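**Student:** Sharing a structure, written as structure tokens. Questions coming.
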Amino acid sequence: MKIKSISAYPLDLRLKEPFVIANETMEIGENVFFKIETDEDITGWGCATPDSVTSETKDTVIDNFNKIVKNILIGQDPTRIHFLNDVIEDKIKGNPSLRAGINMALYDILGKKADMPLFRLLGGYRDKIETSITIGLNPVDVMVEKAKELVSQGFTCLKVKCGMDPDQDIEVVLAIRSTVGPNIKIRLDANEGYTLEKALRVIETLEKLGTDIEMLEQPTPAKYLYALKEVTAQCPVPIMADETALTLRDSLKTVKMEIADMINIKLMKIGGITNAIKANTYAEIAEIPVMIGCMNESMGAMAAGVHFACAFKNVQYADLDSALDFEKDIVKGGATYKDGFVIPSNKPGLGIEVDL
Ligand SMILES: [Mg+2]
């Protein structure tokens with residue numbers, strides 16, 4: 001099989017409501033779709049979601065796509081994924097979302113060639129995974145109302161954004177817990193907004209009041225590795241690294257230095273499925289559980305995260321909800337939601353249809 005043509009389609013998807021977190025506010029999700037056509041009538045789809053966290057824009061994605069990726073891929077066998085990934089990484093050091101979008105399109109082709117859904121082709125550990133659904137920063141009553149609404153829709157795990165104001169964070173989490181009852185999981189994500197002292201104050205107060213927090217994600221700024229390591233050592237709930245575990249190398253460092261109890265791997269940070277496999281394997285050997293998270297990803301990108309999350313035992317947590325946030329997505333299939341779980345498509349490859 002040979003790659004005949006490859007095209008990129010940038011598309012801004014409008015969010016249903018502005019998404020506020022401690023280090024950013026977003027109103028649209030920038031997505032760049034990739035279509036890879038082969039001489040065997042198999043077409044692969046992938047999607048990049050550039051983000052300020054990875055120092056990318058859709059312009060850097062399109063630029064490197066046109067200047068470098070196209071020339072590398074045309075005429076190549078798309079099933080030689082490790083080889084093609086290596087050649088692309090040799091030429092492009094940054095732009096992990098571009099590399100992720102291309103890498104998942106190659107896996108989509110591999111799955112279609114094998115006539116298997118990707119999660120099964122990658123190992124098929126489970127056929128669905130519980131996912132959190134995120135509540136962005138807002139006034140307390142708005143966040144509590146949102147929690148009520150999401151639980152009534154069947155979600156069983158809430159990811160509550162925090163990190164701007166410790167006192168409000170404590171108030172919000174107490175109010176959400178008393179509203180949703182004891183059986184709903186609550187995880188927190190501070191997006192680098194706390195100091196060591198603030199993180200410990202928030203968690204210790206919530207624990208004393210019996211709030212039962214599942215985990216706290218990225219309490220302190222990404223670059224202060226020892227602050228995060230110290231929170232991890234002192235905090236009574238598990239700490240997850242997200243912004244600290246940006247690249248493959250960062251993820252390995254986080255695991256090796258025991259900076260956090262768990263790591264959040266996002267395909268858009270780490271540069272695709274091939275690298276996510278490496279990071280997850282390393283984490284599993286070190287007995288560090290992994291969560292698969294997402295950026296402002298269309299289902300075109302998020303579907304790859306769902307397939308990945310279901311393929312591997314060590315992916316014990318999922319935060320795969322971004323595809324629900326858009327006024328209108330252009331992707332059908334990929335994954336569905338039921339009773340708090342996200343379920344990958346059983347169609348070959350990623351199982352997505354893109355309507356450009
Ligand atoms: Mg996070």
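Read-outs: derived from the displayed coordinates by stated rules, not from any lab. Just so we're clear, the structure is a prediction, and the values are computed from it rather than from any experiment. FYI the Cβ positions are ideal-geometry reconstructions off the backbone, even for glycines, and counts take in every protein chain you see.
**Student:** Relative to the first principal axis of the alpha-carbon coordinates of the chain, what is the inclination of helix 81-91, with its axis defined by its Cα atoms, in degrees from 0 to 90 and to the nearest 10?
**Tutor:** The angle comes out at about 80 degrees.
**Student:** Using only Cα atoms, tell me the angle between helix 299-311 and the longest principal axis of the chain; keep it within 0 to 90° and round to the nearest 10.
**Tutor:** It is inclined by approximately 80 degrees.
**Student:** What are the ³J(HN,Hα) couplings of the range 20-28, residue after residue, when phi is run through the Karplus curve with 6.51, -1.76, 1.60 and θ = phi - 60°? Round to Hz, x for glycine and proline.
**Tutor:** Along the range 20-28, the couplings run 10, 10, 4, 10, 5, 10, 10, 10, 10 Hz.
**Student:** Specify the angular offset, from 0 to 90 degrees and rounded to the nearest 10, of the alpha carbon long axis of helix 96-114 from the longest principal axis of the alpha carbons in the chain.
**Tutor:** The helix 96-114 is inclined about 60 degrees to the chain.
**Student:** Can you give the charge dipole size of the chain about its Cα centre, rounded to the nearest 20 debye, using +1 on the beta carbon of Lys and Arg and -1 on the beta carbon of Asp and Glu?
**Tutor:** Roughly 1000 debye, rounded to the nearest 20.
**Student:** While we're here: Full-extension gain between Thr179 and Lys2, please, as 0.36 nm times their residue separation minus the C-alpha to C-alpha distance.
**Tutor:** Here the answer is 58.1 nm.
**Student:** Taking Cα centroids, how far is the range 280-356 from the range 184-235 in Å?
**Tutor:** Cα centres, the range 280-356 to the range 184-235: 25 Å.
**Student:** Enumerate the lysines that Lys161 could reach by cross-link, defined here as Cα to Cα under 18 Å, with residues fewer than 8 away along the same chain left out.
**Tutor:** Reachable lysines: Lys16, Lys146, Lys148, Lys185, Lys198, Lys266.
**Student:** Could you tell me the relative contact order of the range 215-279? Use alpha-carbon pairs under 8 Å, at least six residues apart, and round to a whole percent.
**Tutor:** Value for the range 215-279: 30 percent.
**Student:** First select every other residue whose beta carbon is under 15 angstrom from the beta carbon of Leu209; then total the charges, Lys and Arg +1, Asp and Glu -1.
**Tutor:** Result for the local shell: -3.
**Student:** Separation between the Ile74 and Lys313 pseudo-spin-labels, each 7 Å from Cα along Cα→Cβ, expressed in nm?
**Tutor:** 4.6 nm
**Student:** Just need the Rg to Rh number for the range 119-354, please, alpha carbons only, Kirkwood Rh.
**Tutor:** So for the range 119-354, dividing Rg by the Kirkwood Rh gives 0.96.
**Student:** Moving to a separate point now. Report the one residue of Phe312, Val173, Thr254 whose Cα lies farthest in the direction of the positive end of the charge dipole of the chain (charges on C-beta: Lys and Arg +1, Asp and Glu -1; origin at the Cα centre).
**Tutor:** Phe312
**Student:** With the Cα gyration tensor of the range 1-74 in hand, give its eigenvalues times 5 under a square root as the equivalent ellipsoid semi-axes, listed largest first in whole angstrom.
**Tutor:** After diagonalising the Cα gyration tensor, the semi-axes are 29, 14, 8 Å.
**Student:** Another question, if that's okay. Could you tell me which residue out of Cys47, Ala147, Phe119 lies farthest along the dipole of the range 46-150 toward its positive end? Charges go on the beta carbon: Lys and Arg +1, Asp and Glu -1, centred on the Cα centre.
**Tutor:** Working it through, the farthest residue towards the positive pole turns out to be Phe119.
**Student:** In nanometres, what is the gap between the two model label sites at Gln168 and Glu287, each 7 Å from Cα along Cα-to-Cβ?
**Tutor:** 4.0 nm
**Student:** With a point put 7 Å past each Cα toward its Cβ, work out how far Ile28 is from Asp59 in nm, to one decimal.
**Tutor:** Between Ile28 and Asp59, the label points sit 1.4 nm apart.
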